[in-house]
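These notes concern the structure reproduced below.
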């Protein structure tokens with residue numbers, strides 16, 4: 001049997017540079033972000049400090065959009081609010097043409113406040129109470145039904161009215177990736193998804209417009225999207241043939257990788273992740289080759305968040321102390337804790353000194369300031385010898401850290417954005433004792449203490 005042809009592939013590996021001693025130093029100093037001095041930023045806005053690059057956001061979004069639009073005629077991105085829902089960040093994506101994808105009433109209201117028309121909001125997630133559904137129906141938002149209880153609530157709510165809900169179902173499926181994401185939506189293989197489709201088709205108040213899937217997160221295998229796209233197309237075809245409903249859109253969700261390096265990975269993230277072209281090839285080729293007539297091609301919706309924002313985020317911090325552990329290994333304590341860098345549990349974030357350094361590097365652990373043993377930013381990293389007062393730049397922190405951070409022991413810091421002209425804006429102020437206490441109250445009998 002003749003072996004199948006595979007095109008040759010050249011992949012650049014980031015091996016790092018050797019210093020004059022022949023040993024590897026992991027990073028060069030990072031003294032500027034978008035032309036703005038790191039030291040000036042920290043002197044003015046404090047430490048730690050999150051920095052967002054508007055230029056990087058726009059450039060990355062345009063690159064992702066181009067990868068799909070040159071391959072497919074009908075493409076629409078919907079910004080994933082849970083990834084980073086700071087208003088300034090969301091509005092950049094909306095200015096670029098992105099709809100809003102939300103998974104809670106909180107995020108839904110944020111999108112409305114940001115000026116997104118209701119009919120351009122995709123309402124995902126398993127937690128939509130009756131009042132949320134009513135609001136989404138009135139605003140003509142796309143309601144992605146997650147489970148039968150939600151479906152039945154929607155049917156009951158609309159019964160006897162002239163209102164119509166624009167709906168889709170979320171589908172989970174086996175794409176060959178372990179673990180299978182089957183917690184959300186209706187299962188494809190068991191027939192549950194088809195059962196949901198037929199129940200919707202029988203309702204006059206429900207307009208079935210789309211199918212949605214989200215097969216996982218940080219997906220290193222682009223081919224899994226080809227499997228998902230094929231199953232989505234099969235459902236769309238069956239819906240047209242058996243229920244007489246033409247599916248208007250296929251929402252392939254998100255899950256695209258950023259260039260961060262997963263914990264336990266031997267190679268750097270940038271060396272192993274698929275790029276936007278790889279994901280686009282897997283999804284688009286499957287849809288185009290499935291057999292849709294050109295005029296009946298569904299709109300392709302994408303909800304990727306992490307891959308669009310991670311590279312645009314930086315976290316600046318300062319060295320509090322240096323010490324040696326009981327085993328003799330060096331440790332450096334930063335003012336950046338896992339309470340504001342949640343993704344350090346997933347990634348080996350790249351850390352760069354923000355000043356010149358000697359060529360001597362050493363393996364060390366990087367700890368935060370929290371009185372918790374789990375407060376470890378990097379368990380082992382090769383860096384120059386840092387001293388108290390030195391500054392560092394932690395890279396690729398734009399996704400999830402500003403939505404999953406918490407006020408624990410320390411207060412959450414400022415977030416600034418560098419716009420495309422080089423101007424710096426505070427887009428979220430730092431917390432203070434007053435902002436924390438404003439939601440507290442003390443009973444009268446506890447207001448005095450006899451000390």
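Bear in mind that the values in this text are calculations on the coordinates, not laboratory data. These numbers were taken from a predicted model, which means no experiment stands behind them. Glycine also receives a Cβ, built like all others from the backbone with ideal geometry; neighbour counts cover every protein chain displayed.
The ratio of the alpha-carbon radius of gyration of the chain to the globular-protein estimate 2.2 N^0.38 Å is 1.10. Test of understanding: extend the Cα→C-beta vector of residue 382 to 7 Å, then name every residue of region 318-362 with backbone N under 17 Å from that spot. Residues passing the 17 Å test: 330, 348-353, 357-362. Say R0 is 25 Å: what FRET efficiency, to the nearest 0.05, do residue 162 and residue 129 get from their beta-carbon distance? Computed FRET efficiency for residue 162 and residue 129: 0.65.
Run the numbers for residue 220 and residue 66: contour at 0.36 nm per residue of separation, minus the present Cα-Cα distance, in nm.
On the way: separation 154, 0.36 × 154 = 55.44 nm, distance 2.07 nm.
My answer for the length gained is 53.4 nm.
Of the listed peptides 147-157, 83-93, what is their order by residue-averaged count of other C-beta atoms within 10 Å, with the highest listed first? Walk me through the intermediate numbers first.
On the way: 147-157: 15.9, 83-93: 21.5.
In decreasing order of mean packing, 147-157, 83-93 become 83-93, 147-157.
The base-10 log of I(q)/I(0) for region 54-310, evaluated at q = 0.12, 0.14, 0.18 Å⁻¹, reads -0.69, -0.95, -1.55 [Debye formula, identical scatterers on Cα atoms, solvent excluded]. Using a simple spin-label model with pseudo-atoms 7 Å out from Cα toward Cβ, residue 372 and residue 289 lie 4.8 nm apart.
At a Förster distance of 60 Å, what's the computed FRET efficiency of residue 407 paired with residue 246, Cβ-Cβ distance as r, to 0.05?
On the way: r = 49 Å, r/R0 = 0.82.
Computed FRET efficiency for residue 407 and residue 246: 0.75.
Give me the distance between the Cα centres of region 384-408 and region 54-81, rounded to whole Å. Each part reduced to its Cα centre gives a spacing of 27 Å. Ordering of 208-216, 252-260, 430-438 by packing is 252-260, 208-216, 430-438, highest average first (other Cβ atoms within 10 Å, averaged per residue).
If the segment from residue 355 to residue 237 were pulled out straight at 0.36 nm per residue, it would be longer than the present Cα-Cα gap by 36.6 nm. DSSP finds beta bridges in the chain, and of those with both partners inside it, around 45 percent are antiparallel.
Here r is the Cβ-Cβ distance between residue 152 and residue 183 and R0 is 30 Å; the resulting FRET efficiency, rounded to 0.05, is 0.95.
Taking the mean number of other Cβ atoms within 10 Å as a proxy for protection, how do you rank 128-141, 327-340 from highest to lowest?
Working: 128-141: 17.4, 327-340: 19.1.
Final packing ranking: 327-340, 128-141.
Dividing the summed -39500 (n - 2.57) terms of all DSSP H runs of n ≥ 4 by the residue count of the chain sets its mean residue ellipticity at 222 nm at -7500 deg cm²/dmol. Between the alpha-carbon centres of region 417-451 and region 200-249 there is a gap of 45 Å.
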